[in-house]
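Engineer: Could you have a look at this structure, given as structure tokens, before my questions?
The values are calculated or read from the model by the stated rules, or taken from the named source; none is laboratory data. Note that this is a predicted model, so its numbers are computed, not measured. Positions of Cβ are backbone-derived with ideal geometry, glycine not excepted, and every protein chain shown enters the neighbour counts. The protein model used for the area step is the full one, side chains on, heavy atoms only, and it has no ligands, DNA or RNA in it. Shrake-Rupley method; radii C 1.70, N 1.55, O 1.52, S 1.80 Å.
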Amino acid sequence: DAKTTQPNSMESNEEEPVHLPCNHSTISGTDYIHWYRQLPSQGPEYVIHGLTSNVNNRMASLAIAEDRKSSTLILHRATLRDAAVYYCILDGGSQGNLIFGKGTKLSVKP
Amino acid sequence: GAGVSQSPRYKVAKRGQDVALRCDPISGHVSLFWYQQALGQGPEFLTYFQNEAQLDKSGLPSDRFFAERPEGSVSTLKIQRTQQEDSAVYLCASSVFLQELGQPQHFGDGTRLSIL
């Protein structure tokens, strides 16, 4: 199963942009790149996903490298409520189950 | 609208007892997943249902773990003769259908199971 590598933790200031990196050098041609986040004491929450092209939604943007071996989740203006563990995941299971790593713990300072 | 609902939110059991954890997926969602999350770790896949059919149970850690979804909606994860290592948060997720890869999964807030 394809794996991802993320920094263990990152810090950001409130109202500043945040760029969360993810490396996935063994990605296959059909793997989607998913991002989920998990706030304390809650289940994971879908953020965004993409295949080849950059994607935007109301929560974030996803920038995918041309060779697809890395991607970046962009939060345009971090808020205190964005403090969470962010998981970068590739479609790894034959049935579509998600294979989580340890993610990046994002701290947001006021 | 209503999201994925899990109950109970917290469960404390003595070692050796049986427990049952319930998941109410989003109405109309065909696919249902169970995950186990140990403290400080990411969730790990346990089992997958498509409607009432359990298509993948490769992640279940032992034969003490059993899951069912008899009518293709509500699912129950049962753990028999609980052990301390079963202490974790059990997460349920549902999605519309996974015939096309990339469908997002919607998670409940989990059941925190503590085995004494």
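Engineer: Rule-of-thumb check for region B:1-52: C-alpha Rg over 2.2 N^0.38 Å?
Structural biologist: Working it through for region B:1-52, the quotient is 1.33.
Engineer: Let's see if you can work this out: charge +1 on each Lys and Arg Cβ, -1 on each Asp and Glu Cβ, no other charges. What is the dipole magnitude of the protein assembly as shown about its Cα centre, in debye to the nearest 20?
Structural biologist: For this selection, approximately 640 debye.
Engineer: Which of the trypsin sites (Lys or Arg not before Pro) across region A:1-86 are loop residues per DSSP, with 16 or fewer other Cβ within 10 Å?
Structural biologist: Here the sparse-neighbourhood loop sites are A:Lys3, A:Arg58, A:Lys69, A:Arg77.
Engineer: Which number comes out as Rg/Rh for chain B once both Rg and the Kirkwood Rh are worked out on C-alpha atoms?
Structural biologist: 0.95
Engineer: State the Kirkwood hydrodynamic radius of chain A in Å, one decimal place, computed from all pairs of distinct Cα atoms.
Structural biologist: This gives a value of 13.9 Å.
Engineer: Which of the listed residues, A:His49, A:Ile33, A:Asn13, is farthest toward the dipole's positive end in chain A, when Lys, Arg count +1 and Asp, Glu count -1 at the beta-carbon?
Structural biologist: A:Asn13
Engineer: With a 4.7 Å Cβ cut-off, tell me which Cys residues in the protein assembly as shown come up empty for a partner.
Structural biologist: Lacking a cysteine Cβ partner under 4.7 Å: no cysteine of the protein assembly as shown.
Engineer: Give me P(r) over the protein assembly as shown, computed from all C-alpha to C-alpha distances, binned every 5 Å, as integer percentages.
Structural biologist: That works out to 1, 7, 15, 18, 18, 16, 12, 8, 4, 1, 0, in percent per bin.
Engineer: Between the alpha-carbon centers of region A:1-48 and region B:1-67, tell me the distance in whole angstrom.
Structural biologist: 23 Å
Engineer: Run the dipole for chain B about the Cα centre, Lys and Arg Cβ at +1, Asp and Glu Cβ at -1, nothing else charged, and hand back the magnitude in debye, nearest 20.
Structural biologist: Dipole about the Cα centre, nearest 20: 500 debye.
Engineer: Same structure, new question: Explain nothing, just the number: dipole magnitude of chain A about its Cα centre with +1 on each Lys and Arg Cβ and -1 on each Asp and Glu Cβ, in debye rounded to the nearest 20.
Structural biologist: Using Cβ point charges on Lys, Arg, Asp and Glu, chain A gives about 160 debye.
Engineer: Roughly how much accessible area, to the nearest 100 Å², goes out of reach of solvent when A and B pair up, both sides summed, probe 1.4 Å?
Structural biologist: Heavy-atom accessible area buried at this interface is about 1700 Å².
Engineer: Just checking the output field for A:65-76: average partner chain Cβ neighbours within 10 Å of each residue's Cβ?
Structural biologist: Per-residue shielding by partner chains comes out at 0.
Engineer: Then there's this: Given a 1.4 angstrom probe, what's the average accessible area per residue across the protein assembly as shown, in square angstrom?
Structural biologist: Heavy-atom SASA per residue in the protein assembly as shown reads 51 Å².
Engineer: What does the average come to when, for each residue of peptide B:35-44, you count the partner chain Cβ atoms lying within 10 Å of its Cβ?
Structural biologist: 4
Engineer: If you take each beta carbon of peptide A:28-40 and count the beta carbons of other chains within 10 angstrom, what is the mean?
Structural biologist: 2
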